[in-house]
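A short write-up of the structure that comes next.
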Amino acid sequence: MAVTQYIHPLDKHLRLERIPTLYCPGCGLGIGLASMLRALDSRIKEGSIDPDKVFWVGGIGCSARMVFYVNYDSAHVIHGRAIPFAIGAVLANPELKAIVVGGDGDIAGIGGNHLLHAARRNVDLIVVMFTNFVYAMTGGQVAPTTPRGVKTTTTPRGNPEYPMNAVKLVTSLNANYVARASITTPHYIEQYFYKALGKKGFRFIEVVSACPEVYGRHIGLRNPVEMYNELKKRVKHKPKASIEEAEIDWDKGIVTGEFVDRDNPSYIEILRGEQSEI
Amino acid sequence: MRKTFTSGNMAVAEGALTAGLKFYAGYPITPSSEIMEYLAEKLPQHGGVVIQMEDEIGSINAIIGASWAGFKAMTATSGPGFSLMAEAMGLAVITETPIVVVNVMRAGPSTGVPTKTSQSDVLQARWFAHGDYLIPCYAPWSVQEAYDLTIKAFNTAELLRTPVILLSDAVIAHLWEPLMIYEPGEVEVISRKIPIDKQRAKFPYKPDSDLVPPMPILGHGYKTIIESLTHNERGFYAPMNTEYKALVKRLILKILKRIDYIYEQETRYCDDAEVLLVSYGSTARSVYLATVDYRRKGLKIGFLRLKTLWPLNEEKILNCSRARKIIVIENNTGKIYFDMDRIFKDRDVYSSPVLSLELPTPREVSEAIEPWL
């Protein structure tokens with residue numbers, strides 16, 4: 001049954017008529033979204049962000065669906081193409097604060113090329129990528145981030161491929177901000193997203209999430225509490241981590257922290273001639 | 001109005017500027033690249049933005065995003081890039097986003113002959129994305145018409161909140177001819193209707209009587225949902241038969257309702273014609289010359305040129321001539337022929353395609369049609 005009155009402090013940021021979400025019990029996405037909304041709420045309250053200018057864009061997947069639960073201008077577009085869609089919108093109206101959300105399959109898999117070039121351009125948008133190590137919405141196929149050896153519905157003999165470290169990838173380009181947090185440390189998601197909202201240029205936050213329903217089924221952690229605790233054990237927070245330390249490995253550990261934080265001229269600043277690098 | 005001398009590609013760019021283009025995203029591809037190069041120079045002077053994206057998929061998605069932010073937007077490409085744009089073309093259809101996509105046709109399949117001409121993509125333009133839809137499509141035959149139909153393409157897109165395709169080809173692209181460029185106010189320029197208030201903006205997919213919904217622009221606090229899923233009038237996912245049928249039928253009907261505005265054709269010597277030659281785009285130039293030649297010899301040949309390929313105004317086509325014999329000439333293996341055969345169902349319709357990397361000559365056209373005369 002739909003919620004009809006504000007009962008939670010973040011309710012005003014949601015389209016309540018579309019709640020409950022389709023997320024499974026134990027899914028980490030709710031923790032991630034709530035953390036992001038708390039940061040956005042702070043930014044709006046302090047007057048540094050006009051809610052009318054906030055624009056959420058998502059492709060296809062569980063994470064991307066956040067865009068139609070939030071009570072803002074939003075676009076639920078095609079698989080992998082949220083970043084170029086957002087680029088078009090912010091270049092047409094630089095006042096827009098574009099927030100791209102998506103899973104690792106959407107952002108780093110099918111949309112990987114756009115991710116690279118958006119980071120290279122330092123174009124003015126925030127990308128929050130939820131990594132749950134699997135294609136969840138389609139039923140549990142191997143993802144670009146799936147650890148080696150994991151049996152998925154499309155790797156029944158175990159994943160033969162090496163997983164992608166998106167943080168290291170984006171850091172090698174020209175992004176102004178790169179961070180990784182985990183749903184087991186929501187205060188860092190909030191802190192990083194808050195910071196990202198105040199910056200220009202390309203900002204990338206990887207949020208490591210828990211998918212007990214689909215990924216948990218593959219690795220024997222179907223119980224959400226167990227899944228959460230196992231993820232929590234593996235997360236190592238390093239406030240001043242170097243990029244070399246930015247591991248994301250189920251066995252060796254998942255390093256969270258801020259890896260890049262700078263203020264290079266953004267794409268829009270360069271286009272406007274406000275800051276010239278050429 | 002000012003007179004200039006330019007190429008078909010640059011005429012497309014000039015037409016877009018006249019129509020109020022503010023955002024161009026593209027990826028280099030022969031034979032369309034001059035459009036982006038020309039606009040990279042000119043569009044910033046008109047307060048617009050040009051970005052070279054990482055591929056054609058990025059290009060079309062970026063122009064859809066820019067259109068929602070309130071800018072008139074365009075991309076141009078050729079066969080391989082056009083194929084990559086198919087999925088996002090469907091996104092523009094279902095989100096009812098005005099955009100103009102130019103396909104400067106070259107020989108295929110695949111990489112084909114990048115520098116040489118073709119008319120092989122005319123059915124691709126009609127059917128290339130999955131799902132049901134109807135995308136207006138124009139095919140110019142001259143530099144002036146490349147300019148005029150680009151303006152018309154923008155007007156159609158804005159009027160009907162739809163993507164529109166301009167099918168040029170390598171011949172038109174690199175053909176140099178005189179061009180009359182309109183000054184502001186000398187030509188009709190249509191801009192999309194926007195919601196009158198916040199309440200109306202809550203329903204970004206609820207049509208007015210013309211079946212076209214006013215389009216909310218991002219950044220005004222309307223909390224618009226741009227939705228690629230089948231949706232109801234608010235933009236909420238609606239996997240139900242009633243909503244699905246209503247949406248898909250309306251997306252097609254809103255185009256058909258304005259067919260009199262969209263559809264254009266040119267006829268010559270049709271009144272007494274016993275044989276009607278049907279053609280379009282660059283090939284029509286040679287077909288026209290062949291027609292004039294036959295007339296000089298005393299043969300009662302008529303000429304029909306389709307300026308709009310989709311949707312075809314079947315009534316107008318059927319009534320343009322009483323000729324019993326219809327011959328369709330196009331630079332492919334015979335494609336628009338199928339629609340002509342259907343439209344002229346009780347007459348004799350023949351396909352005489354001239355498959356050629358060059359513009360078919362009037363002699364080649366004559367040789368192709370002679371077996372049916």
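Bear in mind these aren't lab numbers, they're just calculated from the coordinates by the rules spelled out. Everything quoted here is computed from the prediction, not taken from an experiment. Please note: Cβ atoms are built from the backbone with ideal geometry, for glycine as well, and neighbour counts cover all protein chains shown.
Overview of results
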| read-out | value |
| --- | --- |
| Sorted by Cβ density within 10 Å, fewest first, the residues B:228, B:67, B:191 | B:191, B:228, B:67 |
| Amide proton proximity set for residue A:259, modelled H, under 5 Å, gap of 5+ | A:178, A:179, A:180 |
| Inter-label distance, nm, simple model (7 Å from Cα along the C-beta direction), residue B:252/residue A:217 | 3.7 nm |
| Cβ-defined net charge surrounding residue B:1, 14 Å radius [Lys, Arg +1; Asp, Glu -1] | -2 |
| Cα gyration tensor, chain A - rounded (a/c under 1.5), prolate or oblate | oblate |
| Net charge contributed by nearby residues that have their C-beta within less than 15 Å of residue B:161 (K/R +1, D/E -1) | +3 |
| Total formal charge among the other residues, if their Cβ is under 12 angstrom from that of residue A:248, Lys/Arg +1 and Asp/Glu -1 | -1 |
| Residue-by-residue Karplus 3J(HN,Hα) for the range B:38-50, coefficients 6.51, -1.76, 1.60, Hz, glycine and proline x | 5, 6, 4, 7, 8, 4, x, 5, 9, x, x, 10, 10 |
| Residue order, fewest to most surrounding Cβ atoms within 10 angstrom, among A:272, A:15, B:161 | A:272, A:15, B:161 |
| Diffusion coefficient, µm² s⁻¹, Stokes-Einstein with Kirkwood Rh over alpha-carbon pairs of the range B:300-339 at 20 °C and 1.002 mPa s | 188 µm²/s |
| Residue with peak Gaussian network fluctuation, chain A [Cα springs, cutoff 10 Å], from A:249, A:73, A:52 | A:52 |
| Hz values of 3J(HN,Hα) by residue in the range B:136-153 - Karplus curve (6.51, -1.76, 1.60), Gly and Pro given as x | x, 9, 10, 9, x, 10, 8, 5, 4, 6, 4, 5, 4, 6, 5, 4, 4, 4 |
| Which listed pairs, of B:198/B:223; B:152/B:257; B:249/B:335; A:195/A:240; B:22/B:193; A:195/B:22, have C-alpha distances above 20 Å, in listed order | B:249/B:335; A:195/B:22 |
| Modelled FRET efficiency - R0 41 Å, residue A:120 with residue B:4, Cβ distances, 0.05 increments | 0.65 |
| Highest-fluctuation residue, B:323, B:146, B:76 considered, GNM on chain B with Cα pairs under 10 Å | B:323 |
| Residue B:267 versus residue B:338: modelled label distance in nm, points set 7 Å from Cα along the beta carbon direction | 2.7 nm |
| Calculated over the range A:81-238: convex hull of Cα atoms, volume per residue (Å³) | 108 Å³ |
| Helical segments meeting 20 Å axial Cα length and Kyte-Doolittle -1.0 threshold in chain A (DSSP H) | A:29-45 |
| Listed residues B:330, B:315, B:227, most fluctuating in chain B (Gaussian network, C-alpha, under 10 Å) | B:315 |
| Spacing of the two label points (7 Å from each Cα toward its C-beta) at residue B:240 and residue B:208, in nm | 2.8 nm |
| Percent of C-alpha pairs per 20 Å bin, the protein assembly as shown, short to long | 19, 46, 27, 8, 0 |
| Other protein chain Cβ atoms within 10 Å, averaged over every residue that makes up A:43-53 | 1 |
| Residue B:367/residue B:123 FRET efficiency (R0 35 Å; Cβ-Cβ; nearest 0.05) | 0.90 |
| Ascending count of other beta-carbon atoms within 10 Å, so fewest first, for A:54, B:354 | B:354, A:54 |
| Bins of 10 Å from zero: percent of alpha-carbon pairs in chain B | 5, 25, 32, 24, 11, 3, 0 |
